[in-house]
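The next block holds one structure in the form of structure tokens; read it before the comments.
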Amino acid sequence: MNPNKALWEKGDFTEIAAFMRQSGEALVKSLGIKLPLRVLDLGCGDGTTAIPLAQLGAEVVGIDIAQNLVDAGNKRAAAMGLSQLKFQEGDACNLQGVSDHSFDLTISIFGAMFAPKPFDVAKEMVRVTKPGGRIVMGNWIPNDPTSFVSQLLKISAAFTPPPPEGFVSPMTWGVETNIIERFGQAGVSKEKISMVKDTYSFISDDKSPAQFIELLERFYGPTMNAVEAAGKSGKMEELHSQLLELAKAQNKGTDGGTSIPATFLRVTVNL
């Protein structure tokens, strides 16, 4: 099995996505959608950005490597009566069956950055997007102290065995020179690429930062791997305390709720 498929099917990302809904809706509103519009949401999860896009009237295809998230997305779309939204399984490195130049907008918010072959990902995103269309990516930034997920992944990695030889860290998508190089190899000049730091918040009025960390430990693939490894090495308590300290330090929520802002790199490619 593709290791990425195993990673994202391991837990239940819908439990984490529940904290991402408000920011997903805000991000979609900021895109300045003009209809008619055909959108590909790559690494879509259960529809955090795909559903608000469809609600605005866009025709949306959501592609994710995890079948459980595809099923959850289709279930959400059906429950909301969004007939112009379809979720399907696929690999961001090789979008088999997706025609050239078939989307006005290709979006990937913390999705395609986790695919193992970044140059192939850039090439595929460019291939399936129409000339005159655009690509929008949201990527976590490595070692950014104001990026909650960057710090979460850094802590998790410290408790996990080293990755296999040839592994390319997903965090490399948060480095501007890498983005220019990857899209450059896909035929895009750097003048057509713009990057800006933005903020994405994890929000829940009824769940505390401690409960958020517990959900990450139980349902978020990278943290689950760290929990397994820490359990074997007798360091579970150390891992949990570091994650809890991070969440409490970055939480801006009041009345016991969670509101954790996280800095990310927003990339726009105009084709």
So which residues in region 1-33 are among the hydrophobic types (A, V, I, L, M, F, W, C), in contact with a strand residue (DSSP E or B) (Cβ under 9 Å, 6 or more places away or on another chain), assigned to a helix (DSSP H, G or I) and farther than 13 Å from G43 by Cβ, if there are any at all? I16, A26, L27, V28
From (1) touching a Leu at 6+ places or on another chain (Cβ under 7 Å); (2) at pLDDT below 95; (3) surrounded by fewer than 20 Cβ atoms within 10 Å (Cβ to Cβ), pick out the condition that doesn't hold for G57. (2)
Residue count for region 41-62, restricted to those that are touching a Gly at 6+ places or on another chain (Cβ under 8 Å), part of a strand (DSSP E or B) and either free of Cβ contacts under 8 Å to residues at least 40 places away in the same chain or over 20 Å from Y200 (Cα atoms) (or both): 1
Please work out if G32 is on the phi > 0 side of the Ramachandran plot and either out of contact with any Leu (no Cβ under 9 Å at 6 or more places or on another chain) or modelled with pLDDT under 95 (or both). yes
When you go through R127, R134 one by one, which is the residue that is under 30 Å from V60 (Cβ atoms) and in a helix (DSSP H, G or I)? R127
So which of A66, A26, A6, A78 is within 22 Å of E217 (Cα to Cα), out of contact with any His (no Cβ under 7 Å at 6 or more places or on another chain) and exposed (fewer than 15 other Cβ atoms within 10 Å of the Cβ)? A6
So, of the residues in region 220-270 that are touching a helix residue (DSSP H, G or I) at 6+ places or on another chain (Cβ under 7 Å) and in a loop (DSSP other than H, G, I, E, B), which turns out to be surrounded by the most Cβ atoms within 10 Å (Cβ to Cβ)? Y220
Out of region 5-26, which residues are more than 12 Å from I203 (Cβ to Cβ) and over 13 Å from the mean Cα position of the chain (by Cα)? K5, A6, L7, E9, K10, G11, D12, E15
Members of region 147-191 found to be surrounded by 15 or more Cβ atoms within 10 Å (Cβ to Cβ) and part of a loop (DSSP other than H, G, I, E, B), listed by number: S147, F159, T160, S169, V175, A186, V188
Kindly provide the set of residues from region 200-210 that are surrounded by 14 or more Cβ atoms within 10 Å (Cβ to Cβ) and of a type outside the set (A, V, I, L, M, F, W, C), ordered by number. Y200, S201, S204, K207, S208, P209
Filter result for S99 (at pLDDT 95 or above, touching a helix residue (DSSP H, G or I) at 6+ places or on another chain (Cβ under 8 Å) and crowded, with 22+ Cβ neighbours inside 10 Å): no
Residues that are modelled with pLDDT of 95 or more and over 17 Å from M113 (Cβ atoms): does region 175-183 have at least one? no
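The values are calculated or read from the model by the stated rules, or taken from the named source; none is laboratory data. None of these values were measured; they are calculated from a predicted model. Please note: Cβ atoms are built from the backbone with ideal geometry, for glycine as well, and neighbour counts cover all protein chains shown.
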